[in-house]
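Presented below is the structure to which this report refers.
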Amino acid sequence: MKKKVLSMMLAAAMVFSMAACGSDDAAGNDQGGDTRQEEPSGDEDQAPADEGGDTDIQEPAGDETPSDGAADITLDGSWPEETVKIGFVGYDQASEQQQAITAYFDYLCENFNMEIMYSEDLTDAQSELDFIGQCAAAGCKAVIGYYNEAKEQSAITCADYQMYYWGGFGGDEESVAAAVEGAGEYYLGGYTLGDAEYEAGRSMAKALAEQGCEKVVLCSGGAAMGVPMFVSRKQGFEDGVKEAVDGGATMEIVYEVEGWPGTDAFTAAQTSVMDMDIDAIASTFDVAMWFQLVMESGKADSLKLACIGEVSDTYYDFFNSGLVSVIVYDNEETCFGNAIPLILNAVSGTKLVDESGNGFLFPVERWTITTPEQYNSVYDLHDAGNWVVTAEDIANLVVAFNADATTDTFKDFYGSFTIDSVK
Amino acid sequence: MSEKKSTKINLGGIGKLAPLIGLVLVILIFTALTGGKLLSVTNLQNMANQVMVTALVAIGAVFVYGVGNFDMSLGGAVLFSAVLGAMAAVRSGSIFVTLVVCILVSVAIALIKGIFSAYIEVPFFIFTIVLGSVISSIVLVIMGSETTVYLKDAVREIPTFNFTQMTIINVVFLAVYFLVCLFLFNYTPIGSKAKMMGGNKVSAKQSGINDKKMHVLTFVISAIGVALAAFILIIRTRTIGSQTAGSVGTDVLIALVVGGMPISGGPKSKISAGLVGALTVVVLNSGLTMVGLSTAWIQAIRGVVFIVVVLVSSFSYRGKLLPR
Amino acid sequence: MAQELIFEAKNLTKHFGPTVALNGVDFKVYRGQITGLIGENGSGKSTITSIAAGMQPATSGEMTFLGKAHSPSTMIEGSKLGIGMIVQEQGTVSGITVAENIFAGEESRFRSGPFISKRKMNQEARKAMEDIGFTGVDPAAYIDTLDMQSRKLVEIAKVMYNKPEMLVVDETTTALSQHGREIIYGIMRKMKEDNKAVVFISHDLQELIDTCDTLTVLRDGDLITTLDRDQMDEDTIKKYMVGREMKGDYYRADYGTPVSEEVVLEVDKVTSGSGLLMNFSMKVHRGEILGIGGLSHCGMHELGKLMFGEDKLLTGKITHVPSGEAITSTQTAMKHGFGYVSKNRDTESLVLTATIQDNIISASYDKIAKGLVMTPKAVKEFVDEQVESLSIKCAGVGQDVQYLSGGNKQKVVFGKWIGRNCDILILDCPTRGVDIGVKAAMYQLIDQMRKAGKTIIMISEELPELLGMSDRLLILKDGALAGEFFRSETLDENHIIEVMI
Amino acid sequence: MKRILKNIVMTIAIPVLVYVFFLIVCNLFGSPGFGVGSDLSTILYTTLYTGMIALAMSYNLTCGRFDFSVGSTIVLAAILGGNIVKDNKLGPVALLLIIVVIAAVLGLISGLAYVALKIPPMVVSIGIAMVYEAAGLMFNRAKGIKMIGNSALIFSKPPYSILIAGVAVLVLIFLYNFTSFGFQWKMLRSGQKIAVDIGVNEKLNAVICYVIAGVLLGIAAVMYLSKFGTVSPEIGLSSSSFFMSAFLPLFIGGAIEKYSDKNIGVLMGALAQAMITSGFGKLGFSSSLQTVLNGVIVMAFLVYTSNSYKLVLRKLHKEKLARALAAAK
């Protein structure tokens, strides 16, 4: 018994001493990249890295001719030489939006020498910070905060590991300021839809009001569970209804269904909703769990469904049949695809920054699809395997390709993209 | 009957050391697979932070499992003390108050469990599963519309800790708590009493061991671990939501079992099971993620490794009947 | 008459991991005879019969039964081949009906089409019970509604239903009341008359001498000898069982030693929650060995538990006279120096999966630990002292108790309480399942403790032991005092048996 | 005859009491629609769905084998079976057969794993649950199964739901009461050592229990798929949420078993659970409050069932006390 305890103490002491001395080291030279780090990568921020791209400018100067920069770099996944590993913080691999993003990123990885490391389904701040640590150990250069619970703390932790962090914290200026102050040049910034979640709820309500819906049932998802995203969407929807009523429409929320499909309580609530005489069901997450019920109850023609969802084959036939009339759609290419040009610029030493030299929030349009034509324009494009924002568009925003790329060109490109600009 | 040296012991001996061998093996395999990145300084700090919550709760849980109480509500307990602790932090702005609140809350839950397991006979395993889900729902009812608790809106600025300071705090908390538990389990009657109760409730009672006192005492010791874990969660992530510590219940169970702790407690319980198990699980997770496998493969491998380690450590007690 | 061989085992061997239970035993059983089998615990007598019945496989060696090679893998197969076995422990399963117990594992016998008819099963069960003269029990009732005696008779009915050619009775009589014993003796006689065979195992030498035609003695897995009726007498049997002359006195040698008048424990009009004990009173004097005897269900075991605060007390009070405090819980009892050795040693006095060290210290944490700290050194001293003084044979203090022999296990239990140096020791069947060698050591130990001034209350189902050891003997019958006897050379078992039965 | 009447009354006592209670409470406070019209169809669906899961668990739990992989079996069977049917455009009968067969095979695998490895069932089932969840995620690139509006999904509505659940319960009643499996199962439940010594094949019995559980979970999977048309893969042992609502039926079933048959008892428990859930829904409780109340009810039932033997004991003691006092006079 004694021998074993001693050997165990030894093992524990060994592991912790390495951690302790490791931590002294990092504290010692906070500034420079950790020399003893195993990965052969050169220091990104020390000296401007000059791999491949012959343009060697720190700040994006306007007068460089675009042609020679783009000429010798081809979009076949060869640039940049050293693979850029990126961590992706996700919360539900089975959700349609995350699967759409994964498909888009796979396409971009064929064009740029990138590798995306997807997280497990993270539910809380602690596992989010653990995953960020994991990415650092795996040699990632940047982390995309698609899911964010720990707010600016994630950006600061990334900075500790000398990794870039992309994430707009849902447009929360206060957190962005704290991230800029805490993470410094490692914070790239992120998109904002002007309080995205609130807007999504509001535009859904507005669209339903325009389509003359009076009695609406709202599925509030995680609002009752205090999940911030759902609380603001519900708030947005309720305000949207109030605005419609002030504007003369007769509209009211008849019933609210809480929680997620699969629980007995949700099943019971769904059945009682089918009895009510309502003309619309709006959901602050997807609405697929209603299709089967609505079809069976034979109310497919009299009932309209609205949701915050995706353009995907699940909704295709229901949108075209008119059952689903409104989809508030965060197009994955514009909302999340913008992380790639920001990361590629930062990694290749030409980080895009705002006037005060920091990471910045940039507005992006949230698309509200109300007609089948709009829906099919995006769906057919994806179906045929091409994309709204192609690899060439992204290359145009990377200074290494196109010397004229500036923060403004980036903002204009992504800020202006609406459903109608889809060819 | 001739008393030949029993080979049964060394077969059991291998069983006893299996968890430690498992840990070393996992470290070696993944250091090779990740080309040494597993033991890079960053990752060591990383793992030191990740192991914290599971290890603290698992070490305390050795006492509770040892007595034969199979506690599945530890995740709920960590969540509850973290939420109330964070709320106290926001209102008081002092770290000390936060720690005190965490301890009080988790000890209160421990007393409830103590009363039910000592005075009211109940199938404890199923009771704690239900208790765990009830606690998480009570948290939602308490938090109501306040959604998530952010430390940054605290009355007075709660000191933030940079990365390295956090690692040091973690190491100190874990080392101190582990040594205290090691002392209590191996160098005071508590450990031996727990082992006897876990082995055979009736004969422990007939030897004068006060089982009611022991039930409550073991829950309180485990509650200290839960409180420390909740405290560290608060100061590290500075954000406590309704889903915090969601997977702690099963992580602790996996860590204990991988650490060589018998499911029904009893004489083969050992305090090292908590720490060795937690370390193995963290190294496994970290290694698998770094090798770049998809989440599905990571979980599949984790399931298989979990069963294999349990199989090896179960060689010391194989009977004719199917275990229950 | 020509003795016709029914069963023969050649070079039968059985290993349990390292320990050898049987090495190369040749054993013959003849028709029309009751073959006795006797031997210490762990001598291998139960092993032979359970291998023959199919409860466990042999490691090597062959068996022939009714002329054919014989190696049954389950008891059901064994009973189909004609070997029935009645064991000592409880063989019926609670939670199911009497009929389901009788035909356990053989339900398909009553299959009519896809269904198994419960009606037919109940009918046959009633017939099986009537065959052995056990009537008045509804086969469809849950077995939990029956008391211990009747459950054992149900087991006997189950075995007899298959009309076994050879019946094994393995120490069943000790647990039975007189009525139950009569039934078994009747069955054995009938088997003998029908020219079938019976193998009878018992601890009670007198019982064997009265009923067996031949008696085989086993020791440490070897067959020593087979005695014929004329050679059978208690001393020679004991000599073969132990293998060496019994040196010195077996029980206490002194008679007439005075017992102090001081009362140390008073039991006043006590009724136990379970069992038959009702309105029972007695006084216990310091330094005496008080023997309590009677049939197994007479209430003495419940009395033992009550005195240690283990069982629920319905009426009356038990007071520790010197301190005047009533004994209400195990803690108060131990505070006043009480110690309790339970009758079912493996399930109540020991933790089998724990080490010898953990078991021995489990009653004396307050004695070993200074303040909160219990240093390994103190523990080691405490345990080594007990292991030496009781000479417990083991591979080391870290060995699990489950791998020890019966005798050594009992020594560990004694070590636990002696270590605590209790003043009042309640011993319930202290020498049950212990071989004679260790039994003698136990008796010496008990005598030494008496001489050291300890008060001992010895509850036992073996009269010779009670007669040999106790200063005063109380006999209980159906929960009440039936007789009180004082230690004297002239006192013998017959006086007591009249009162007891 | 009187005894049969008593048995029937006791069997349906709990669900009827629950129904009456909620009928009164709902009409006083909440909206009056309890137990009428669509609410009734929900109660029916939930009773059969939760009943199947509770029955699947009852065959293992009462023998001391807690099965964590219940939820993951349902998810994996639905995803594999659903995709096969969807790709080959098969009909409802094929859907039922394929999913039930797959689930039975999954049950067989976890049963064989437990019997072969001989390690505590709870531990094996966690490992199995992880592997099944991972398989569900890997299949079809984490898209799970989406077959909304597919004609094969008919099993959430009567008469089909009642048909498949009813047949399952009848088969179980037959197996439990009239086959040697049933007898031996009852023996192994409380007398494992004695039964094994006598010669009962415990390993075979355990594997059969797991296969039966698999079939029942397959039926539950078909009903779930028919109700929602889509099943997404779970990960991180979150599939354990599937059996949370099965505890109450299990314990009510245990209490009712004496009066009729275990399987009917569990169904009655599921009916009570369904009514409680929809009753709470009608009273407008938030979902978290419902979980708390459900949890408290299960705990109360746990305390009752595991302490009911004390009531019997107290009665015995009282009788004995009376006899003792009488004798003392």
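A single entry from A:ASP279, A:ASP286 fulfils the requirement of being of a type in the set (Asp, Glu), assigned by TED's automatic domain parsing to the domain that holds A:MET229, under 21 Å from A:GLN98 (Cβ atoms) and in contact with a strand residue (DSSP E or B) (Cβ under 8 Å, 6 or more places away or on another chain): A:ASP286. Count of the stretch B:65-95 residues, restricted to those that are surrounded by 24 or more Cβ atoms within 10 Å (Cβ to Cβ) and among the β-branched types (Val, Ile, Thr), is 3. Quick check on B:VAL282: is it more than 10 Å from chain D (Cβ to nearest Cβ), assigned to a helix (DSSP H, G or I) and either under 20 Å from D:PHE66 (Cβ atoms) or of a type in the set (Asp, Glu) (or both)? No; evaluated as a whole, the condition is false for this residue.
Taking first residues from the stretch C:240-256 that are exposed (fewer than 13 other Cβ atoms within 10 Å of the Cβ) and partners that are in a loop (DSSP other than H, G, I, E, B) and at pLDDT 75 or above, the Cβ contacts under 8 Å between residues at least 6 apart in sequence or on separate chains come to C:TYR255/C:ARG487; C:TYR255/C:SER488; C:TYR255/C:GLU489; C:GLY256/C:ARG487; C:GLY256/C:SER488.
Of the helices (runs of 4 or more DSSP H) that lie entirely inside the stretch C:322-377, those containing 2 or more residues that are without any contact (Cβ under 8 Å) to a residue 60 or more places away in the chain and touching a Gly at 6+ places or on another chain (Cβ under 8 Å) span C:330-335, C:356-361.
Is the stretch C:264-276 home to any residue that is closer than 25 Å to C:TYR443 by Cβ, away from chain B (no Cβ under 13 Å) and either among the aliphatic types (A, V, I, L, M) or in contact with a Ser or Thr (Cβ under 7 Å, 6 or more places away or on another chain) (or both)? Scanning the stretch C:264-276, I find at least one residue that is closer than 25 Å to C:TYR443 by Cβ, away from chain B (no Cβ under 13 Å) and either among the aliphatic types (A, V, I, L, M) or in contact with a Ser or Thr (Cβ under 7 Å, 6 or more places away or on another chain) (or both), so the answer is yes. For the stretch D:187-201, the criterion of a residue being surrounded by fewer than 24 Cβ atoms within 10 Å (Cβ to Cβ) and more than 14 Å from chain C (Cβ to nearest Cβ) is satisfied by no position. Listed by first and then second residue, the pairs with beta-carbon distance under 6 Å, at least 6 apart or on different chains, first residue in the stretch C:20-41 and closer than 16 Å to C:LYS192 by Cα, second buried (at least 23 other Cβ atoms within 10 Å of the Cβ) and polar (S, T, N, Q), are C:VAL29/C:THR35. Within the stretch A:139-150, residues that are at positive phi reach partners that are part of a loop (DSSP other than H, G, I, E, B) with beta carbons closer than 6 Å, at six or more positions or on different chains, in the pairs A:GLY139/A:GLU39.
Residue-by-condition table, conditions (1) out of contact with any Lys or Arg (no Cβ under 6 Å at 6 or more places or on another chain); (2) of a type in the set (Lys, Arg); (3) free of Cβ contacts under 8 Å to residues at least 24 places away in the same chain; (4) not in a helix (DSSP H, G or I):
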site	(1), (2), (3), (4)
D:SER245	yes, no, no, no
D:PRO249	yes, no, no, no
D:SER260	yes, no, no, yes
D:ALA270	yes, no, no, no
D:GLN273	yes, no, no, no
D:THR277	yes, no, no, no
D:PHE280	yes, no, yes, no
D:PHE285	yes, no, yes, yes
D:SER288	yes, no, yes, no
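Exactly one residue among D:ALA300, D:ALA328, D:ALA324 is in contact with a strand residue (DSSP E or B) (Cβ under 6 Å, 6 or more places away or on another chain) and either within 14 Å of chain B (Cβ to nearest Cβ) or farther than 22 Å from D:ASP39 by Cα (or both), and that residue is D:ALA324. Could we say that A:THR263 is farther than 24 Å from A:GLN99 by Cβ and at the interface with chain D (Cβ under 9 Å from one of its Cβ atoms) here? No, not satisfied.
Is it the case that some residue within the stretch B:57-64 is surrounded by fewer than 24 Cβ atoms within 10 Å (Cβ to Cβ) and part of a helix (DSSP H, G or I)? Checking the stretch B:57-64: not a single residue is surrounded by fewer than 24 Cβ atoms within 10 Å (Cβ to Cβ) and part of a helix (DSSP H, G or I).
Restricting the stretch C:469-501 to residues that are aliphatic (A, V, I, L, M) and not in a strand (DSSP E or B) leaves a set whose member that is farthest from C:SER274 (Cα to Cα) is C:LEU491. As a summary of the residue check, A:PHE285 satisfies the conditions (1) modelled with pLDDT under 80; (2) within 19 Å of D:THR230 (Cβ to Cβ) except for the one numbered (1).
When each of D:VAL167, D:VAL105, D:VAL171, D:VAL100 is tested for being in a helix (DSSP H, G or I) and in contact with a helix residue (DSSP H, G or I) (Cβ under 6 Å, 6 or more places away or on another chain), the lone residue that passes is D:VAL100. Of the residues making up the stretch C:372-399, those that are within 11 Å of chain B (Cβ to nearest Cβ), touching a strand residue (DSSP E or B) at 6+ places or on another chain (Cβ under 8 Å) and closer than 18 Å to B:ASN186 by Cβ are C:ALA378, C:GLY398.
So which residues in the stretch A:103-131 are more than 16 Å from the chain's Cα centre (by Cα) and among the aliphatic types (A, V, I, L, M)? Of everything in the stretch A:103-131, those that are more than 16 Å from the chain's Cα centre (by Cα) and among the aliphatic types (A, V, I, L, M) turn out to be A:MET114, A:ALA125, A:LEU129.
For every residue, the table says whether it meets (1) among the β-branched types (Val, Ile, Thr); (2) touching a residue at least 60 places away in the same chain (Cβ under 8 Å).
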residue	(1), (2)
C:THR135	yes, no
C:TYR142	no, no
C:GLN149	no, yes
C:VAL154	yes, yes
C:VAL168	yes, yes
C:LEU176	no, no
C:ARG189	no, no
C:GLU207	no, no
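Which of the residues spanning the stretch A:256-281 are at pLDDT 85 or above and not in a loop (DSSP other than H, G, I, E, B)? The answer is A:GLU256, A:VAL257, A:ALA280, A:ILE281. All told, C:THR328 falls short of being modelled with pLDDT under 90 and at the interface with chain B (Cβ under 9 Å from one of its Cβ atoms). Restricting the first member to the stretch B:122-140 and to residues that are farther than 24 Å from B:LYS212 by Cα, and the second to residues that are of a type in the set (S, T, N, Q), the beta-carbon pairs closer than 7 Å and six or more apart or on different chains are B:SER133/D:THR291; B:VAL134/D:THR291; B:SER137/D:SER288; B:SER137/D:THR291; B:VAL139/B:SER242; B:LEU140/B:SER242; B:LEU140/D:SER288.
Return yes or no: is D:TYR309 touching a Lys or Arg at 6+ places or on another chain (Cβ under 8 Å) and modelled with pLDDT under 85? Criteria not met by D:TYR309. With the requirement that a residue be under 26 Å from B:GLY36 (Cα atoms), within 9 Å of another protein chain (Cβ to nearest Cβ) and assigned to a loop (DSSP other than H, G, I, E, B), what does the stretch A:137-161 give you? Selection gives A:GLY139, A:TYR161. Taking first residues from the stretch A:104-132 that are at the interface with chain B (Cβ under 7 Å from one of its Cβ atoms) and partners that are of a type in the set (Gly, Ala, Ser) and assigned to a strand (DSSP E or B), the Cβ contacts under 7 Å between residues at least 6 apart in sequence or on separate chains come to A:MET117/A:GLY87. When the test is whether a residue is in contact (Cβ under 8 Å) with a residue 40 or more places away in the chain, over 24 Å from A:LYS151 (Cα atoms) and more than 14 Å from chain D (Cβ to nearest Cβ), B:VAL100 does not pass it.
The values are calculated or read from the model by the stated rules, or taken from the named source; none is laboratory data. Keep in mind it's a predicted model, so treat the numbers as computed, not measured. Neighbour counts run over all protein chains shown; Cβ positions are idealised from the backbone, glycine included.
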